[in-house]
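Before any comments, here is the structure.
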Amino acid sequence: MPGDISKHTKFIVNLPYPKPRVERQNVEYANILLQDYAGAVSEFTAVSLYVYQHLVSKGEFEDYAEIIGGISMAEMKHLELIGETIKLLGIKPIYINSVCPHGQLWTPCYVNFTIFIKNMLLEDIKSERKAIENYKYHISIIKDIYIRELLERIILDEELHLKLFMELYEKYSTRY
């Protein structure tokens, strides 16, 4: 996992991440976080999407390739933090959207494999907006202070990612 994300500080907010902690084990909260971990709009989906986009854009859209690669590292850090929190809540962090009741396994169908720069950026913008919306909703229903603190910190990075994607979309929308 990324551990030290210092090489990618342009793609995260300059604030420390809270250490994963929980007030107590809670399967209900673990199920909520599994959606953020490996649901259709999740950190695992974002990592998969952004690594793909990094690879297909290298050589043609170098600025985008650098940014999307750096953002994928930030998303890996989020994945790690949420996974650690899920473990503390008493559930194994598997790539599934809930464990009780048994949910759907993560699938590559969640990833949009377009190769067109404007479409990639529109997908990135949509994904970040939906992630922020989901995190805010989850903060409203999770009463654990430590989990809420972690999700609030992750939102700050997602808002930065959204801003970077919108700037790139503005640049590429006039060219392609």
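Got a sec? Which residues in the range 20-48 would a label at Ile145 touch, if it sits 7 Å along Cα→Cβ and we count backbone N under 18 Å?
The answer is 20-26, whose backbone nitrogens lie closer than 18 Å to the label point.
I need the trypsin sites (Lys or Arg not before Pro) found in the range 49-137, filtered to DSSP loop residues with at most 14 other beta carbons within 10 Å of theirs.
Lys58
Which residues among the range 23-61 fall inside the zone where the amide N is under 20 Å from a point 7 Å beyond the Cα of Leu156, along Cα→Cβ?
Those under the cut-off are 43.
What number, in percent, do you get for the relative contact order of the chain if the mean sequence gap of Cα pairs under 8 Å and at least 6 apart is divided by its residue count?
32
Short version: ³J(HN,Hα) in whole Hz for each residue of the range 106-115, in order, from phi by Karplus 6.51 cos²θ - 1.76 cosθ + 1.60 (θ = phi - 60°), x for Gly and Pro, what are they?
After applying 6.51 cos²θ - 1.76 cosθ + 1.60, I find 4, 9, x, 4, 6, 9, 8, 8, 5, 10 Hz.
Sorted by mean Cβ packing within 10 Å, highest first, what order do the peptides 59-65, 36-42, 152-158 take?
In descending order of packing, they fall as 36-42, 152-158, 59-65.
Between beta-carbons, use under 10 Å as the cut-off and find the net charge around Ile67, counting Lys and Arg +1, Asp and Glu -1.
Neighbour charge sum, excluding Ile67 itself: -4.
Could you tell me which residue out of Asn112, Pro20, Ile71 lies farthest along the dipole of the chain toward its positive end? Charges go on the beta carbon: Lys and Arg +1, Asp and Glu -1, centred on the Cα centre.
The residue sitting most towards the positive pole is Pro20.
May I ask you to derive the FRET efficiency for Met166 and Asn14 from their Cβ-Cβ distance with R0 = 25 Å, giving the value to the nearest 0.05?
Working: r = 20 Å, r/R0 = 0.80.
Using R0 = 25 Å, I get an efficiency of 0.80.
Ordered by residue, what ³J(HN,Hα) values in Hz, to whole numbers, does the range 149-166 give under the Karplus form 6.51 cos²θ - 1.76 cosθ + 1.60, where θ = phi - 60° and Gly and Pro are x?
Here the 3J(HN,Hα) series is 4, 5, 5, 4, 5, 5, 4, 4, 5, 4, 5, 5, 4, 4, 4, 5, 5, 5 Hz.
Extending each Cα 7 Å along its Cβ direction at Leu55 and Gln104, get the distance between those two points in nm, one decimal.
Label at Leu55, label at Gln104, 2.4 nm between them.
Can you tally the net charge around Tyr146? Count Lys and Arg as +1, Asp and Glu as -1, for every other residue whose Cβ sits under 14 Å from the Cβ of Tyr146.
+2
Please give me, ordered by residue number, the chymotrypsin sites (Phe, Trp or Tyr not before Pro) of the range 96-163 that lie in loop per DSSP and have at most 13 other Cβ atoms within 10 Å.
Here the sparse-neighbourhood loop sites are Phe113, Phe116.
Got a number for carbon plus sulfur as a percent of the chain's accessible area, 1.4 Å probe?
Within the chain, the accessible surface is 57 percent carbon and sulfur.
Modelled label-to-label distance, Glu133 and Arg175, 7 Å Cα→beta-carbon offset: nm?
Spacing of the two 7 Å Cα→Cβ label points: 3.0 nm.
Mean residue ellipticity at 222 nm from the helices of the chain, using -39,500 (n - 2.57) per DSSP H segment of n ≥ 4 over the full residue count, to the nearest 500 deg cm²/dmol?
After summing the helix terms and dividing by the residues of the chain, the value is -21500 deg cm²/dmol.
Straight-line reach from Lys58: which aspartates and glutamates fall under 16 Å, measuring Cα to Cα and dropping same-chain residues less than 8 apart?
Straight-distance partners of Lys58: Glu66.
Rolling a 1.4 angstrom probe over the protein heavy atoms, how many square angstrom per residue are accessible across the range 1-98? Walk me through the numbers before you get to the answer.
Working: 4580 Å² over 98 residues.
For the range 1-98, the solvent-accessible area averages 47 Å² per residue.
Exceeding 20 Å between C-alpha atoms, which entries from my cross-link table qualify? They are Lys10/Lys163; Lys10/Lys118; Lys87/Lys163; Lys19/Lys77; Lys19/Lys163.
Those over the limit are Lys10/Lys118; Lys87/Lys163; Lys19/Lys163.
Under 12 Å from a label point 7 Å along Cα→Cβ of Ile125: give me every residue in the range 140-170 with its amide N that close.
Output list for this probe position: 162-170.
The values are calculated or read from the model by the stated rules, or taken from the named source; none is laboratory data. Keep in mind the model is a prediction, meaning the values are calculated, not measured. Cβ sites come from the backbone with ideal geometry, for glycine too, and all protein chains shown count toward neighbours. Note: accessible area is taken over every heavy atom of the protein model, side chains too, but ligands, DNA and RNA are not part of it. Shrake-Rupley method; radii C 1.70, N 1.55, O 1.52, S 1.80 Å.
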